[in-house]
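Below is one structure, written out as structure tokens; comments come after it.
Every number here is computed from the coordinates shown, using simple stated rules; none is lab data. These numbers come from a predicted model, not from an experiment. Note that we place each Cβ from the backbone using ideal geometry, even for glycine, and neighbour counts take in every protein chain shown.
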Amino acid sequence: MNSDSALSALAALAHPTRLNAFRLLVQHEPDGLSTGQLVNASGLSQSTFSTHLAVLAKAGLVTSEKRGRQINQRAEIDTLKGLMLFLAKDCCQGRPELCEPLLAELACC
């Protein structure tokens, strides 16, 4: 992941509605959720939520796939991994022991 991609992903996640939707999709991997389920969970109108979904998709955080008559949304886990690695590599400054507490906390979940 490069700086532009990281900035795009971080900007997309910097809104409560989009962050909540993305977290919900991550929790429902690998199946994802229908757009209707996401709209219901957000409490927003379909058109307002669609705008937020488009921002996530443009940042490469969410993909859509048609399943019958519904459109299913899925989190792009590879983009999430790339963002996390991009941030962790810089924060550790070549010293893995700085990131060990973070990795240990992730392993426990």
Review point. Picking from Gly68, Gly43, Gly32, which residue would you name as being of a type outside the set (Ser, Thr, Tyr), on the phi > 0 side of the Ramachandran plot and surrounded by 13 or more Cβ atoms within 10 Å (Cβ to Cβ)?
Key: Gly32
Review point. Is it true that some residue in the range 15-23 is surrounded by 13 or more Cβ atoms within 10 Å (Cβ to Cβ), free of Cβ contacts under 8 Å to residues at least 12 places away in the same chain and more than 27 Å from Leu103 (Cβ to Cβ)?
Key: no
